[in-house]
1. Give me the pairs: first residue in the range 32-59 and under 14 Å from ALA70 (Cα atoms), second residue hydroxyl-bearing (Ser, Thr, Tyr), beta-carbon distance under 7 Å, and six or more apart or on different chains, which are they?
2. Scan the range 60-71 and give yes if some residue there is within 9 Å of the chain's Cα centre (by Cα) and farther than 19 Å from ALA24 by Cα, otherwise no.
3. State whether one or more residues within the range 54-65 are assigned to a helix (DSSP H, G or I), surrounded by 13 or more Cβ atoms within 10 Å (Cβ to Cβ) and modelled with pLDDT of 90 or more.
4. Between residues in the range 81-93 that are under 17 Å from TRP23 (Cα atoms) and residues that are modelled with pLDDT under 75 and surrounded by 15 or more Cβ atoms within 10 Å (Cβ to Cβ), which pairs lie under 9 Å by C-beta distance while being six or more apart or on different chains?
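The values are calculated or read from the model by the stated rules, or taken from the named source; none is laboratory data. Predicted model, so just to flag it, every value in this text is computed and none were measured. Cβ atoms come from the backbone with ideal geometry, glycine included; neighbour counts cover every protein chain shown.
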Amino acid sequence: MTEAKDERRPAGELEASVMAALWAAAAPQTPGQVQRSLGADLARTTVTTILTRLNEKGVVERHRQGRGYAYFPVQDVQDAHGLTARRMHSELDRDSDRETVLARFVAQLNPHDERILRDLLESESESGER
């Protein structure tokens, strides 16, 4: 095994780093710009692959810029919390039995998180949202 292989980052760490670079930018970024802002030993092709996957997941959007693309976060994913919420929603969408998935999720919550969720749901219904 090569040394580079031994130093692989945990799943999601690169995506989080790329998202942080996009959030910090004032404008859409090309893969080369993201690569430079990360200052890491990442190939531009690696950054391009990460951005393409984030686009496929609906986390970033892109528009043509020259021969390539410039990427930017979607509106509801403007920070790490939004990204986590989007991932949770994506996982829920993957299963056809939403009721069972949600029931098991709630059953595994600790009392503090359960209270937070109840309060959020109550405030949503009181404000007439949804």
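1. Final answer for the pair search is LEU51/TYR71; ASN55/TYR71.
2. No - not one qualifying residue is present in the range 60-71.
3. Yes, there is a match, as at least one residue in the range 54-65 is assigned to a helix (DSSP H, G or I), surrounded by 13 or more Cβ atoms within 10 Å (Cβ to Cβ) and modelled with pLDDT of 90 or more.
4. Short answer, once both residue conditions are applied: LEU83/VAL77; ALA85/VAL77; ARG86/VAL77.
Residue by residue, here is whether (1) at pLDDT 85 or above; (2) surrounded by fewer than 11 Cβ atoms within 10 Å (Cβ to Cβ) holds:
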site	(1), (2)
ALA27	yes, yes
ARG36	yes, no
ASP41	no, yes
ARG44	yes, no
ASP79	no, no
PRO111	yes, yes
LEU121	yes, no
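Residues are listed down the side, and each one gets a yes or a no for (1) assigned to a helix (DSSP H, G or I); (2) more than 29 Å from GLY12 (Cα to Cα); (3) outside the structural domain of GLY12 (by TED's automatic domain parsing); (4) under 22 Å from the mean Cα position of the chain (by Cα):
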residue: ARG86; (1), (2), (3), (4): yes, no, yes, yes
residue: SER90; (1), (2), (3), (4): yes, no, yes, yes
residue: ASP95; (1), (2), (3), (4): no, no, yes, yes
residue: GLU99; (1), (2), (3), (4): yes, no, yes, no
residue: ARG104; (1), (2), (3), (4): yes, no, yes, no
residue: ASP113; (1), (2), (3), (4): yes, no, yes, yes
residue: ASP119; (1), (2), (3), (4): yes, yes, yes, no
residue: GLU122; (1), (2), (3), (4): yes, yes, yes, no
